[in-house]
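Novice: First the structure, then my questions, so here it is.
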Amino acid sequence: MTTSTRNMAFRPAIMLFLGALLGGGGQGEIFAQDDNRGYKVQVGDAVPDFSLTDLDGKTWSKESLMGSVYVLQFTASWCSVCRKEMPHLEKRVWQVFQDEGVMLLGVDLDEPAEKVQGLVEATGVTYPVCLDPGGALFSAVTLPKAGVTRNVVVDQEGRIAFLTRLFNEEEFESMIAAIETLNTSSK
């Protein structure tokens, strides 16, 4: 696929995102999906309240992140798709946007700190990875028995702006475009 063809493929998703962001579209219209892909939440909803502690002992919450764009990246050490996606998130989100104030938080599903540390070392990520004891935040965002590989992009007002499921390159590129748009609109 050429760059021009690929850009054309992303244009509808980006335009729907921009329309929703700028008030031209309804909630949840970014993805014209037949199902909710295991989410309880949808684009336009307020992100559920949370307080998470990362491996360095720093606490992150909905309140502390208010006013900034951030991504909650749900993961687990046993998840092969998560392991595949994490280096891409490191390179394309964290390394590109961290100096611009965009936060990327890994949220590990109900595993002990030692196991999470092993995941961080194995994937080489440097962004903060938090523990989600009992899967409290994961359960607030997803339906029961939903798969773990997910990204929730949150805007400056604490509203969900973009949702991903699994690691699909087209969707990943659309997520990057959404982050760029949100980040630009915050300046």
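Novice: How many residues does region 50-87 contain that are among the charged types (D, E, K, R) and without any contact (Cβ under 8 Å) to a residue 60 or more places away in the chain?
Specialist: Looking only at that region, the number is 2.
Novice: Pick from region 88-121 the residues that are without any contact (Cβ under 8 Å) to a residue 60 or more places away in the chain and part of a loop (DSSP other than H, G, I, E, B): which of them is surrounded by the fewest Cβ atoms within 10 Å (Cβ to Cβ)?
Specialist: Per the stated criteria, the residue is 112.
Novice: Just checking, how many residues over region 117-154 are under 11 Å from the mean Cα position of the chain (by Cα) and under 18 Å from residue 44 (Cα atoms)?
Specialist: So the answer is 5.
Each row is one residue, and each column tells you yes or no for (1) of a type in the set (A, V, I, L, M, F, W, C); (2) at pLDDT below 95; (3) more than 25 Å from residue 115 (Cα to Cα).
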residue: 46; (1), (2), (3): yes, no, yes
residue: 54; (1), (2), (3): no, no, no
residue: 58; (1), (2), (3): no, no, no
residue: 61; (1), (2), (3): no, no, no
residue: 65; (1), (2), (3): yes, no, yes
residue: 69; (1), (2), (3): yes, no, yes
residue: 86; (1), (2), (3): yes, no, no
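Novice: Could you list, in sequence order, the residues of region 130-148 that are modelled with pLDDT of 95 or more, of a type outside the set (Gly, Ala, Ser) and more than 12 Å from residue 74 (Cα to Cα)?
Specialist: Matches in region 130-148: 133 only.
Novice: Could you tell me which residue of region 129-161 is surrounded by the fewest Cβ atoms within 10 Å (Cβ to Cβ), considering only residues that are basic (Lys, Arg) and in contact with a strand residue (DSSP E or B) (Cβ under 9 Å, 6 or more places away or on another chain)?
Specialist: Per the criteria, the residue is 159.
Novice: A further question follows. Sort out for me the strands (runs of 3 or more DSSP E) sitting completely within region 122-169 that have 3 or more residues that are in contact with an Asp or Glu (Cβ under 7 Å, 6 or more places away or on another chain).
Specialist: Of the strands (runs of 3 or more DSSP E) lying wholly inside region 122-169, those with at least 3 residues that are in contact with an Asp or Glu (Cβ under 7 Å, 6 or more places away or on another chain) span 129-132, 160-165.
The values are calculated or read from the model by the stated rules, or taken from the named source; none is laboratory data. All figures in this text were calculated on a predicted structure; none of them were measured in a lab. Glycine gets a Cβ as well: all are built from the backbone with ideal geometry, and neighbour counts include every protein chain shown.
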